[in-house]
Amino acid sequence: MNTMTTSWIIFALVFASALVAMLARKVLPESDLSAESKDVVRLSIALIATMAALVLSLLIASAKSGFDLRRSHLAELAADIVVLDHDLAHYGPETKEARALLKRSVAATVERFWANGPPSPVINPAYSIEALYSAVEALSPQNDAQRTLRSEALSTARNVDRRRALMFGNLGTSIPMPFLTILVFWLCIIFASFGLFAPRNAIVTVVFGICALSVSGAIFLILELDRAIGGLLQVTGAPLRAALDQLGGN
């Protein structure tokens, strides 16, 4: 289920909780709606609202931190790719095939994750970092300078592989579904308590709708930031595209 669908379901549940509570008020005896009952409900809901607010703020902070971390990994990945290409260029014409493989690998990654549509689940093994690493490892240096460049290229290729794993190793959400379910349950209780003691009129209904939309929008933002790649709020592929423009392989 994508984040947009999840957010609309949450909106419907939260908004419906307020509306159902407004309707249920008609069938409740007056003793259940006394001032003492209202005070107890307000105190109880204040506790739940505080927990929900803390959880929402922590989730937003965590999702934003994860988003920034992936963006940083992508910038470092692009820098390592450019450095690797420079090392191979300085090695000599023997690395022409490896440089071409590097360029095709980067182009395939950009196409896979930042083309129109959802990310492709697979990538051509011939364009993988493993194939590039094997090509660099197969080089036969003829002097100390080439041996140094080959060693640095292998080290950089390992860094590229590690950063790629950090970036693309897990593209799903890291938020456990039970955690999100409990949060939505709390929100439904809060809105139900609002509807229970609210007057039945158009203004109140519109306000409940706006509040429910705001809450579901916050959860949508959390889920999108947590995904980072493949959603509406995805990490930009500009660093990799810029690196691709600098690569010299054909």
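Worth a mention:
- For the stretch 17-49 and the stretch 132-209, distance of Cα centres in Å: 40
- Theoretical gain in end-to-end length, THR236 to LYS26 [0.36 nm per residue, Cα-Cα removed]: 70.4 nm
- Extension gain, ALA53 to ALA100: 0.36 nm times the residue separation minus the Cα-Cα distance gives 11.8 nm.
- With semi-axes defined as the square roots of five times the eigenvalues of the C-alpha gyration tensor, the equivalent ellipsoid of the chain measures 57, 15, 12 Å, largest first.
- Note on the chain: dipole from Cβ charges, positive end direction compared against ILE190, PHE168, LEU240; the farthest Cα belongs to ILE190.
- Computed lengthening from ILE182 to ALA138, 0.36 nm per intervening residue step minus Cα-Cα distance: 10.4 nm
- Magnitude of the charge dipole for the chain, about its Cα centre and with charges confined to Cβ atoms of Lys, Arg (+1) and Asp, Glu (-1), is about 420 debye.
- Cα gyration tensor shape of the stretch 1-47, rounded if a/c is under 1.5, else prolate or oblate by comparing a/b with b/c: oblate
- Distance-filtered residues of the stretch 19-63 - backbone nitrogen under 11 Å, label point 7 angstrom along ARG200 Cα→Cβ: 20-28
- Accessible area per residue (1.4 Å probe, heavy atoms of protein chains only) ranks LYS64, LYS103 as LYS64, LYS103, with the largest value leading.
- Based on DSSP H segments of at least four residues, each scored -39500 (n - 2.57), the chain has a per-residue ellipticity at 222 nm of -26500 deg cm²/dmol.
- Listed residue (MET177, ASN201, LEU102) projecting farthest to the positive dipole end of the chain, Cβ model: ASN201
- Extreme residue, positive dipole direction of the chain, given options SER31, SER155, LEU54 (C-beta unit charges): SER31
- Rounded tilt (10° steps) of 96-114 against the dominant C-alpha axis of the chain: 10
- Straight-line reach from LYS26: taking Cα to Cα under 25 Å and skipping same-chain neighbours fewer than 8 places apart, the lysines in range are LYS38.
The values are calculated or read from the model by the stated rules, or taken from the named source; none is laboratory data. From a predicted model like this one, the values you see are computed outputs, not experimental measurements. As a convention, Cβ positions derive from the backbone with ideal geometry for all residues, glycine included, and neighbour counts pool all protein chains shown. Ligands, DNA and RNA are excluded from the accessible area calculation, which covers all protein heavy atoms including side chains. Shrake-Rupley method; radii C 1.70, N 1.55, O 1.52, S 1.80 Å.
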